[in-house]
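Here is the structure we will look at.
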Amino acid sequence: MDFSSQDDGEGGHVSMSQALGQSEAFIEFQEQISQVAPIDRPVLILGERGTGKELAAARVHFLSKRWQKPMVTLNCAALTPTLIGSELFGYEKGAFTGATVRQAGRFEQAGDGTLFLDEIGTIPMEVQEKILRVVEYGAFERVGSSKPVQVDVRIVAATNVDLSRLADLGRFKQDLLDRLSFEVIYAPPLRYRKEDILLLANHFAGRMAYELDWEEVPHLTFGAVKTLESYSWPGNIRELKNVIERAVYKSPSHRIEEISFDPFQSRYGEMGTVFLEPASGRSNDMAQDSGADVLKSAEGKGQREIMADLFEKPLKESIRALEFHRLCAALSACQYHQKKAAALLGISYDQFRGLKKKHGPNL
């Protein structure tokens, strides 16, 4: 199943070439998109990083009645809280320093079409309030103006965080979540699409070989295929693409044998740990408290059963099992970002890497 590039309504193109699959999970996902696309209501796409949420949003647009109109995309996580309002709603001349002309925002640019809000969970509460008004009344004001602007836009939003959890914590408006979740579609992680791994790998290998002007088609050996299929793919399709392209360009022949998952592995040993301030401006303590809430939620299910099982084992085996369980939970809570998981567990990155190495490839 392959969806070729299609016009976005403004002369540009959205590549659909990575929307490949034959697994049951993938086909069910595509069927959900096809079913909701003609219904002119908001759609919320949830999924881990690298699962193809933007491709899914593009398919919703191209299968809708708005397909000949613009599809405009905004990565909400790439903007500061002070900029996102003017990006979405535009601004009037003189609204702030540097505003020398009136500027249309993304809502106006997407008029009669689709606005895709990627990483919507990062939008500040005051901007969420204005988005809610657009969804309810089809109107907003540009920054620096009190004159309402009418607009007809379908919103498709995506995120890799639990919006219901954020709403419970008071960090996402429940009213807006209710309006956006007419339909909620979950993009399946690659680990649930085992039948698609070889198909996607061959696709990415072929594209890389073409880019390198190879005359022969790359061939993944049996061992390479087994290595790919046994990996958990925390970065999903995006990670698979990088892994395959790296393997192809480093291969001395068209036979692809060596697969490397971690480009940061160094023959010179570990680098020193660097601590960075959170991009959101929150303190490390606040970020860790928030992460602890997520970790507590992730560990809550079956906690009694896990503890009971640990107490039945010898002490050393129990400690090892507990370490493994906490590492898995922290990685899951932090979307497999190792430095964040280390901070969440209260240990250094070097200590975390040591524990990860200790527990092997099953982690």
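Read the figures in this text as sums done on the coordinates, not as results from a lab. Fair warning: this is a prediction, and the values are worked out from it, not measured in the lab. Glycine also receives a Cβ, built like all others from the backbone with ideal geometry; neighbour counts cover every protein chain displayed.
Structural remarks
- Share of Cα-Cα pairs in region 6-186 lying beyond 31 Å, as whole percent: 15
- Projected label points at residue 258 and residue 63, each 7 Å from Cα along the beta carbon direction, are separated by 4.2 nanometres.
- For residue 183, the amide hydrogen comes within under 5 Å of the amide hydrogens of 44, counting only partners 5 or more places away or on other chains and with H modelled in the peptide plane.
- In range of the label at residue 145: residues from region 80-99 whose backbone nitrogen is under 14 Å from the point 7 Å along Cα→Cβ: 86-96
- Per-residue HN-Hα couplings for region 222-231 [Karplus 6.51, -1.76, 1.60; θ = phi - 60°; Hz; x = Gly/Pro]: 4, x, 5, 5, 4, 4, 5, 6, 8, 8
- This model, with +1 at the C-beta of Lys and Arg and -1 at the C-beta of Asp and Glu, gives region 65-137 a dipole about its Cα centre of some 280 debye.
- Cβ-defined net charge surrounding residue 143, 15 Å radius [Lys, Arg +1; Asp, Glu -1]: +1
- Extended-chain gain in nm, criterion 0.36 nm per residue less alpha-carbon gap, residue 211 and residue 101: 35.4 nm
- Label separation (residue 339 vs residue 358): 2.3 nm, computed from points 7 Å beyond Cα along the C-beta direction.
- Using 0.36 nm per residue and subtracting the Cα-Cα separation, the extra length available between residue 182 and residue 249 on full extension is 19.7 nm.
- Taking the fewest neighbouring Cβ atoms within 10 Å as the starting point, the ordered list for 352, 89, 261 is 261, 352, 89.
- In plain terms, the residue of 71, 208, 125 with the fewest other Cβ atoms within 10 Å comes first and the most crowded comes last, giving 125, 208, 71.
- Prolate/oblate/rounded label for region 93-196 (Cα gyration tensor, a/c 1.5): prolate
- Label sites at residue 198 and residue 321, each approximated as a point 7 angstrom past Cα along Cα to Cβ, lie 3.6 nm apart.
- Our analysis of region 192-256 gives Rg over Rh at 0.94, with the two radii drawn from alpha carbon positions and Rh computed by the Kirkwood formula.
- Label zone at residue 226 (point 7 Å along Cα-to-Cβ), backbone N below 11 Å, region 238-255: none
- Rounded to whole numbers, the Karplus 3J(HN,Hα) couplings from phi for region 84-95 are 5, x, 5, 5, 6, 10, x, 8, 8, 4, x, 5 Hz, using 6.51 cos²θ - 1.76 cosθ + 1.60 with θ = phi - 60°, and x at Gly and Pro.
- Overall, the anisotropy analysis places region 87-128 in the oblate class: the square-rooted eigenvalues a ≥ b ≥ c of its C-alpha gyration tensor yield a/c not less than 1.5, with a/b not exceeding b/c.
- Extension gain, residue 351 back to residue 175 (0.36 nm per residue minus Cα-Cα distance, nm): 59.1 nm
- Working note: Karplus 6.51/-1.76/1.60 with θ = phi - 60° gives region 332-342 the couplings 5, 5, 9, 6, 6, 8, 5, 5, 5, 5, 4 Hz, where Gly and Pro are set to x.
- Modelled label reach - residue 93, point 7 Å along Cα→Cβ, region 132-162 residues with backbone N closer than 16 Å: 143-145
- Eligible lysines near residue 241 by straight Cα distance, threshold 30 Å, same-chain separation 8 or greater: 53, 194, 226, 250, 339, 340, 356, 357, 358
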